[in-house]
Every structure is written in structure tokens, then in C-alpha cells.
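Notes to accompany the following structure.
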Amino acid sequence: MAHRVADIGDTIDPDADWSLPGWLYTDPEYFDVEMARVIRPSWQIVCHASDIARPGDWHSIDYLGESIIVVRGDDGVVRAFANVCRHRAMRLVEGASGCAKKLVCPYHAWTYGLDGRLTGVPMRGDYPALDMAKNGLAPVDVDIWQGFVFVRLDDDGGPSVAAMMAPYADEIAPYRFEDLRTISPARERRRAVNWKNVGDNYSDNLHIPVAHDGLVRLFGASYAIEAEPWVDKMSGQLVERHSASSWENFYQRHLPPAPHLPDSHQRLWLYYKLWPNMAFDIYPDQVDFMQWLPVSPTVSVLREMAFALPDDRREMKLVRYANWRINRIVNAEDTWLIERVQQGMASHSYTLGPIGASEVCLRSFARKIRERIPEARLHRAPASGWSRKP
Ligand code: FES
Ligand SMILES: [Fe+2]
């Protein structure tokens with residue numbers, strides 16, 4: 001296959017004009033490598049800091065076989081720990097959220113402080129090998145950005161959330177993220193797709209006019225994309241012409257002024273996708289956060305939550321509902337697309353496809369995958385065992 005050599009900053013990438021190959025979307029051995037090099041070291045949102053406002057409030061996130069809790073200590077500090085007892089590995093807490101004075105294991109009642117220290121062991125003298133000071137909960141990296149709480153399983157020296165979002169810090173500031181409150185707690189939906197298919201589709205600009213009639217009615221030709229090193233931006237301005245579809249029409253007519261936003265953002269839908277698997281959708285009326293968590297090479301979980309500034313206006317409540325109705329259709333259209341793309345990726349007939357010059361977000365994502373996993377350049381899966389070769 002002939003490759004046109006394209007310049008990507010200071011390196012020449014012979015594959016720059018080509019998509020990631022299909023086997024990366026189905027192969028179990030590749031999946032394990034990708035989890036270790038891409039997902040484990042990346043930040044994952046857990047909740048908003050206001051969801052864990054009081055000492056003892058905790059939220060959890062489960063992914064890649066790990067369960068992580070973020071908990072606010074008596075000193076007000078937010079910490080993250082593996083949700084794993086140091087005695088027999090029992091889960092300490094169950095569910096998505098709760099509040100506890102101490103974390104008491106339901107198996108044999110070992111007790112941990114909110115700072116993770118092991119503070120109580122029944123029959124303490126029965127464990128000759130136990131050093132209490134060395135058996136606190138396993139800490140996990142935590143990053144709080146603009147009021148949102150993130151964790152990561154490994155540290156590969158990658159950027160903080162603030163560093164990733166730095167190109168858009170000024171644009172985001174008026175939305176007052178720290179003052180947002182949860183209006184819809186995390187909800188998970190399983191999809192029969194590789195996690196990359198969700199992200200590829202999220203920042204695929206060329207499908208909008210083909211596959212999303214509603215977005216075309218709302219935004220006309222104003223839909224735009226751009227790619228910064230760690231974040232993609234997509235946006236659309238609501239058009240003046242009112243849609244014939246009822247919820248779109250309602251949204252266009254009744255979206256109330258957002259006093260905290262500049263004029264340019266009063267009727268702007270703004271999307272940011274952060275490396276590698278999360279995005280937030282910023283509307284004048286609310287902010288949605290979504291991550292697509294890998295389960296297996298061909299299964300992912302979409303974890304979604306919604307936030308908004310407190311606003312009791314009746315029209316704001318109705319407009320948020322209209323927003324949900326509009327995006328429910330967009331989501332169904334995208335689900336239909338990505339499940340069929342996933343099936344096509346599994347076909348032996350498919351290796352890789354060309355990426356257009358305008359598809360800057362797909363290019364940026366594929367480049368970062370190739371940098372971390374050089375085998376991602378191979379058009380077909382190498383013989384099994386490749387990842388264990390020295
Ligand atoms: S497993 Fe937690 S106290 Fe035994
Ligand atoms: Fe879409």
C-alpha cells in the first residue's frame with residue numbers, strides 16, 4: 001500500500017494519512033497492551049467535588065477490573081484508594097456512592113480511617129506479620145480540575161487534566177465548572193463496540209451532515225472541529241431558522257439567556273474530547289460528562305453524568321429536558337453507526353482506511369496510539385505472543 005508521507009509537527013509519520021487498522025478493534029492481545037499503555041495511565045473522571053462535599057462522602061468507579069474510591073477526609077482533602085481490603089482483598093464499599101465515618105471491611109471488620117490508614121484490626125495479636133503502618137489502603141493518583149475529580153491507575157508521566165485543557169482554559173472559565181452541581185448521577189450503558197470506536201465517532205466531523213438530521217437542523221453548516229495535542233474541540237452555533245421537529249424547535253425558541261456566558265456562547269454547543277476516552281458536552285443549559293470504558297476488545301461501557309448551575313427557572317428545566325430528548329436521538333443514531341463499524345472492523349476484508357485532511361481529530365488520536373504501541377502500524381495482527389517478546 002502506497003503511503004503519502006505527511007508532516008506531523010516535528011516528526012514524519014508514514015501512516016499519517018491512514019486510520020488505525022481493524023485488528024486493533026478486535027484483538028485480545030493488543031487489547032491488553034493498550035490497557036496497560038493507554039487506559040491505565042490516563043485520567044478518568046469519578047464525580048464532581050460537590051458530590052463528596054462532607055468528610056466521609058465517597059464515590060466509586062469500576063473499570064479494568066479495578067474498583068477505586070474517592071473519599072473526602074476529616075481534613076477536607078480528597079483522596080483516592082483501591083477499594084480493596086488489605087486483609088483478604090474484600091471490597092470495602094459497595095455501590096456508586098455513600099458516606100462513612102470510617103471504612104469498615106464487611107468481612108472481618110478491619111477498619112480504615114478516611115485518610116486510608118489502617119486503624120483497627122480485631123484480634124490484632126493474632127497476626128505476627130502485620131505492620132499496621134504499612135497496611136493502609138493502596139493510594140491511587142487523584143487530580144482535581146475545575147471541581148471535577150479524576151483518578152488514574154498508573155503514572156506514565158502524562159499531562160494533568162489542566163495541562164490537557166490548557167488551550168481552552170479561557171473559553172471554559174465563564175461556565176464556572178467549580179459551581180456546577182450534579183443533576184444526573186453517573187449512569188452506565190453497555191455497548192458491543194471497542195472503546196476506540198466510541199471516541200473515533202465522537203470526533204468524526206464528516207458523519208454529522210450524513211447521519212444526524214437533527215444536528216443539521218440545529219446547526220446548519222456551522223459544525224466545526226479542531227485538534228490540540230491532548231484535546232479535540234467540536235462546536236456548533238444554533239441557527240436562526242427554527243426546526244420543524246418539536247423538541248428542537250422548543251429548544252431553539254425557549255433556551256433562556258445564560259447570564260454567566262458571553263454573547264458568543266449563548267447559543268453555542270461545545271464539545272471537548274480529552275485523551276484518550278472522555279468528553280464533555282457543554283451547552284448553555286448544562287454540562288454532560290461521558291467516558292467510554294473498555295471492558296473487552298469488543299465491549300465498552302459508556303459512563304455518563306450531567307451537571308448544571310443551580311437555576312430554578314421553569315423554562316430552563318424544560319429546555320434541559322428538550323436537550324435530553326434531542327441528544328437521545330443523536331445517541332441512538334451514533335450507537336447504530338458504531339455497532340456496525342465494529343462488525344466491519346472484524347471482517348478479514350478490512351485492513352485500514354484513508355483519513356481525510358480535514359479529519360484532524362482522528363489523525364491526532366491515531367498518532368498518539370502509534371507512538372505508544374508501534375505494532376499499531378501493522379495492517380494485520382502479528383503472530384500471537386508478540387507482546388511478550390523481549
Ligand atoms: S478481608 Fe477485610 S477484614 Fe478480612
Ligand atoms: Fe455522531
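The values are calculated or read from the model by the stated rules, or taken from the named source; none is laboratory data. This structure is a prediction, so every number in the text was calculated from the model and none was measured. Neighbour counts are summed over all protein chains in view; Cβ atoms, including those assigned to glycine, are modelled from backbone coordinates with ideal geometry. Only protein heavy atoms, including side chains, enter the accessible area calculation; ligands, DNA and RNA are left aside. Shrake-Rupley method; radii C 1.70, N 1.55, O 1.52, S 1.80 Å.
Things worth noting here:
- Extreme residue, positive dipole direction of the stretch 73-199, given options SER160, VAL93, THR182 (C-beta unit charges): VAL93
- Overall form of the stretch 162-201 per C-alpha gyration tensor (a/c, 1.5; a/b vs b/c): oblate
- LEU318-TYR107 FRET efficiency (beta carbon distance; Förster radius 41 Å; 0.05 resolution): 0.25
- Residue-by-residue Karplus 3J(HN,Hα) for the stretch 269-280, coefficients 6.51, -1.76, 1.60, Hz, glycine and proline x: 9, 10, 10, 10, 10, 9, 4, x, 8, 8, 8, 10
- Percentage of interatomic Cα-Cα distances in the chain larger than 34 Å: 35 percent
- Global geometry of the stretch 32-191, whether rounded, prolate or oblate, following the gyration tensor of its Cα atoms and the 1.5 cut on a/c: prolate
- Cysteines (scope the chain) whose Cβ has no counterpart Cys Cβ under 4.7 Å: CYS47, CYS99, CYS361
- When peptides 102-114, 373-385 are sorted by average Cβ neighbour count within 10 Å, with the highest value leading, the order is 102-114, 373-385.
- Zone of TYR168's modelled label, taken as backbone nitrogen in the stretch 202-217 under 20 Å from a point 7 Å along Cα→Cβ: 202-209, 215-216
- Rg and Dmax of the stretch 276-390, Cα atoms only, in Å: 19.2, 63
- An oblate overall shape is assigned to the stretch 343-390, the ratio a/c of its alpha-carbon gyration tensor axes (a ≥ b ≥ c) being 1.5 or greater and a/b not exceeding b/c.
- The residues packed around LEU337, meaning those with a beta-carbon under 11 Å from its beta-carbon, carry a net charge of -4 if Lys and Arg are +1 and Asp and Glu are -1.
- For the stretch 293-336, applying the loop criterion from DSSP together with a ceiling of 12 other beta carbons within 10 Å to the trypsin sites (Lys or Arg not before Pro) yields ARG313.
- 26 Å Cα-Cα threshold exceeded, pairs from LYS102/LYS134; LYS196/LYS317; LYS368/LYS389; LYS102/LYS317; LYS134/LYS368: LYS196/LYS317; LYS102/LYS317; LYS134/LYS368
- In this structure the amide hydrogen of ARG181, modeled in the peptide plane, comes within under 5 Å of the amide hydrogens of ALA308, LEU309, none closer than 5 places in sequence on its chain.
- Per atom type, the chain shows carbon and sulfur on 54% of its accessible surface, probed at 1.4 Å.
- From most to least packed by mean Cβ count within 10 Å, the peptides 245-254, 90-99 give 245-254, 90-99.
- Separation of the stretch 64-136 from the stretch 168-246 is 39 Å, based on Cα centroids.
- Per principal axis, descending, Cα span of the stretch 220-348 in whole Å: 51, 33, 29
- Residues in the stretch 197-205 carry Karplus couplings, in order, of 5, 5, x, 4, 5, 4, 10, 8, 6 Hz; the curve used is 6.51 cos²θ - 1.76 cosθ + 1.60 with θ = phi - 60°, and Gly or Pro positions show x.
- Solvent exposure of the chain as accessible area per residue, Å², 1.4 Å probe: 46 Å²
- Cut-off 13 Å, label 7 Å out along Cα→Cβ of ARG328, residues of the stretch 236-265 by amide N: 247-248
- Peptides 44-57, 269-282 ranked from most to least packed give 269-282, 44-57, packing being the mean of other C-beta atoms within 10 angstrom over each peptide's residues.
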